[in-house]
1. Kirkwood hydrodynamic radius (Cα pairs, Å) of the chain?
2. On the protein heavy atoms, probe 1.4 angstrom, tell me the percent of accessible surface of the chain carried by carbon and sulfur.
3. Tell me the per residue accessible area of segment 10-77 using a 1.4 Å probe; a whole number in Å² is fine.
Amino acid sequence: PIFFMPFSLNAELEIPELGANGVIVAAGSHFGGWSFYLEDGKPVAYAAASHLPGQQFRVAAKNPLSTGPNKLRFEFTPADAGGVVTIAVNGREVSR
(Lines give C-alpha, C1' and ligand atoms only; values in the text may rest on other atoms or scores of the structure.)
Protein backbone atom coordinates (compact mmCIF):
# COMPACT_ATOMS: atom_id res chain seq x y z
CA PRO A 1 0.00 0.00 0.00
CA ILE A 2 1.00 3.61 -0.54
CA PHE A 3 0.21 4.74 2.99
CA PHE A 4 0.84 2.73 6.12
CA MET A 5 0.20 5.24 8.88
CA PRO A 6 -1.92 8.34 9.29
CA PHE A 7 -0.23 11.59 8.35
CA SER A 8 -0.96 15.20 7.51
CA LEU A 9 0.76 18.01 5.66
CA ASN A 10 0.29 21.72 6.16
CA ALA A 11 1.20 24.42 3.64
CA GLU A 12 0.95 28.18 3.80
CA LEU A 13 0.62 29.70 0.33
CA GLU A 14 0.35 33.25 -0.97
CA ILE A 15 -1.89 33.16 -4.04
CA PRO A 16 -1.30 35.96 -6.59
CA GLU A 17 -4.16 37.75 -8.35
CA LEU A 18 -3.67 35.64 -11.48
CA GLY A 19 -4.10 32.41 -9.47
CA ALA A 20 -1.66 29.56 -8.98
CA ASN A 21 -0.84 26.09 -10.34
CA GLY A 22 1.82 23.54 -9.48
CA VAL A 23 3.09 20.91 -7.08
CA ILE A 24 3.14 21.69 -3.38
CA VAL A 25 4.74 18.36 -2.36
CA ALA A 26 5.19 14.95 -4.00
CA ALA A 27 6.77 11.61 -3.13
CA GLY A 28 7.15 8.38 -5.01
CA SER A 29 8.66 6.60 -7.97
CA HIS A 30 7.75 4.65 -11.08
CA PHE A 31 6.09 2.08 -8.80
CA GLY A 32 3.66 4.44 -7.05
CA GLY A 33 3.43 7.57 -5.00
CA TRP A 34 1.36 10.62 -4.18
CA SER A 35 1.24 14.36 -4.71
CA PHE A 36 -0.55 17.42 -3.38
CA TYR A 37 -0.82 20.25 -5.89
CA LEU A 38 -2.87 23.13 -7.32
CA GLU A 39 -4.70 22.64 -10.62
CA ASP A 40 -6.53 25.70 -11.94
CA GLY A 41 -6.08 27.15 -8.46
CA LYS A 42 -7.85 24.20 -6.78
CA PRO A 43 -6.09 21.96 -4.22
CA VAL A 44 -5.80 18.34 -5.43
CA ALA A 45 -4.50 15.16 -3.77
CA TYR A 46 -3.52 12.27 -6.06
CA ALA A 47 -2.04 8.86 -5.29
CA ALA A 48 -1.24 5.75 -7.30
CA ALA A 49 -0.42 2.34 -5.86
CA SER A 50 0.42 1.13 -9.38
CA HIS A 51 -0.41 1.77 -13.03
CA LEU A 52 -3.21 -0.83 -12.92
CA PRO A 53 -6.82 0.38 -13.19
CA GLY A 54 -8.45 1.05 -9.86
CA GLN A 55 -5.14 1.61 -8.09
CA GLN A 56 -5.32 5.43 -8.18
CA PHE A 57 -7.37 8.07 -6.43
CA ARG A 58 -7.87 11.79 -6.87
CA VAL A 59 -9.52 14.17 -4.42
CA ALA A 60 -10.03 17.80 -5.46
CA ALA A 61 -11.63 20.94 -4.09
CA LYS A 62 -14.49 22.39 -6.15
CA ASN A 63 -13.36 26.00 -5.89
CA PRO A 64 -10.03 27.73 -6.47
CA LEU A 65 -8.14 29.31 -3.60
CA SER A 66 -8.78 32.97 -2.93
CA THR A 67 -6.14 35.61 -3.63
CA GLY A 68 -3.75 36.24 -0.74
CA PRO A 69 -2.67 33.98 2.11
CA ASN A 70 -4.19 30.50 2.38
CA LYS A 71 -3.49 27.65 4.79
CA LEU A 72 -3.88 24.17 3.30
CA ARG A 73 -4.04 20.81 5.04
CA PHE A 74 -3.81 17.39 3.39
CA GLU A 75 -4.65 14.53 5.73
CA PHE A 76 -4.70 10.75 5.34
CA THR A 77 -6.37 8.41 7.85
CA PRO A 78 -6.03 4.65 7.20
CA ALA A 79 -9.18 2.52 7.07
CA ASP A 80 -9.88 -1.19 6.50
CA ALA A 81 -9.66 -1.25 2.71
CA GLY A 82 -7.67 1.92 2.11
CA GLY A 83 -8.21 5.19 3.86
CA VAL A 84 -9.76 8.63 3.96
CA VAL A 85 -8.13 11.68 2.39
CA THR A 86 -9.27 15.16 3.33
CA ILE A 87 -8.27 18.58 2.08
CA ALA A 88 -8.92 21.67 4.20
CA VAL A 89 -8.47 25.33 3.30
CA ASN A 90 -8.12 27.90 6.09
CA GLY A 91 -9.43 25.40 8.63
CA ARG A 92 -12.50 24.33 6.62
CA GLU A 93 -12.78 20.93 4.93
CA VAL A 94 -13.29 21.39 1.17
CA SER A 95 -12.95 17.82 -0.11
CA ARG A 96 -12.97 14.21 1.16
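1. One decimal place: 13.8 Å for the Kirkwood radius.
2. With neighbouring chains kept in place, the figure for the chain is 55 percent.
3. 63 Å²
The values are calculated or read from the model by the stated rules, or taken from the named source; none is laboratory data. As the structure is a computational prediction, the values presented were derived from the model and not from experiment. In case anyone asks, the SASA skips ligands and DNA or RNA and just uses the protein heavy atoms, side chains included. Shrake-Rupley method; radii C 1.70, N 1.55, O 1.52, S 1.80 Å.
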